[in-house]
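Inspection log for the structure reproduced underneath, given as structure tokens.
None of the figures in this text is laboratory data; all of them are computed from the coordinates on show. Note that this is a predicted model, so its numbers are computed, not measured. Here the Cβ is made from the backbone with ideal geometry for all residues, glycine too, and neighbour counts use every protein chain on show.
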Amino acid sequence: KAGVTQTPRYLIKTRGQQVTLSCSPISGHRSVSWYQQTPGQGLQFLFEYFSETQRNKGNFPGRFSGRQFSNSRSEMNVSTLELGDSALYLCASSSDGSPSGELFFGEGSRLTVL
Amino acid sequence: GQSLEQPSEVTAVEGAIVQINCTYQTSGFYGLSWYQQHDGGAPTFLSYNALDGLEETGRFSSFLSRSDSYGYLLLQELQMKDSASYFCAVRANNNDMRFGAGTRLTVKP
């Protein structure tokens, strides 16, 4: 069974540009969450999608957006990039039927903003 | 709001026992999870506690006290490969998972 796949793995952008990151969850998982990870800040929750609907949203500006498709694949977009957006963006999927809500993470997309 | 507090760093020697504490404050609570992340890797699930008490999985155990909003991860017989960051996470009543800032464990020979 394939794991969570994130693309691209690495990318470099300049301030003011926008970026789109993609996440393919484990087959059968309908919930996809996105996290931003920076040194010392842990994993900051961005948003969660379930069956194409945004179910929860973290405290990030409107420049951060996402969506989920009917096949559960998800994308997140960051517009008007700022230097502080440099981070590892992690996607996680879950079956949503598990009592523990266990999350399965991808390897992440490392974004560098110059 | 929600907040989770855990130590930023812990150092121990091979074969020792180490405890990583986590205190949390959330609006609603379903359970406390622990994840491990090696440098350059993805976080992986270690354990989950929904009820008070100790859950044991091999060398790792996790404890929860709901009345104290406190939990810990206990790692026994430490090995070099246990050097990693450990995150506690809370599943709150809006069903999303919020993580602490992480504890970097360094195991020395």
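I want to verify the translational diffusion coefficient of the stretch A:62-105 in µm²/s; compute it with Stokes-Einstein, Rh as the Kirkwood radius over Cα pairs, at 4 °C and 1.567 mPa s.
Values: Rh = 12.6 Å.
Answer, rounded: 103 µm²/s.
Over the whole of B:19-30, what's the average partner chain Cβ count within 10 Å per residue? Rounded to a whole number, please.
On the way: counts 0, 0, 0, 0, 0, 0, 0, 0, 0, 0, 0, 3.
Counting other chains' Cβ atoms within 10 Å and averaging over B:19-30 gives 0.
Return one quarter of the surface area of the convex hull spanned by the alpha-carbon atoms of the stretch A:1-42, equal to its mean projected area, in nm².
Values: hull surface 17.4 nm².
Projected over every direction and averaged, the Cα hull of the stretch A:1-42 covers 4.4 nm².
Which whole number of Å³ per residue matches the convex hull of the alpha-carbon atoms in chain A?
Numbers: hull volume 11.2 nm³, N = 114.
So the per-residue Cα hull volume is 98 Å³.
Taking θ as phi - 60°, what are the ³J(HN,Hα) couplings along the stretch A:60-74 by the Karplus curve (6.51, -1.76, 1.60), each to the nearest whole Hz, with x for Gly and Pro?
With coefficients 6.51, -1.76 and 1.60, one gets 10, x, x, 5, 9, 9, x, 7, 10, 9, 5, 8, 6, 4, 10 Hz.
Going by Cα centres, the stretch A:1-80 and the stretch B:51-67 are how many Å apart?
Cα centroid of the stretch A:1-80 versus Cα centroid of the stretch B:51-67: 31 Å apart.
Over the Cα atoms, compute the radius of gyration (one decimal) and Dmax (the largest Cα-Cα distance, rounded to a whole number) for the protein assembly as shown, in Å.
Using the Cα atoms of the protein assembly as shown, the pair Rg, Dmax is 17.4, 50 Å.
Determine by what factor the alpha-carbon radius of gyration of the stretch B:1-52 differs from 2.2 N^0.38 Å, reporting the quotient. All intermediate terms of the calculation are to be shown ahead of the outcome.
Values: Rg = 13.3 Å, N = 52, 2.2 N^0.38 = 9.9 Å.
The reported ratio for this selection is 1.35.
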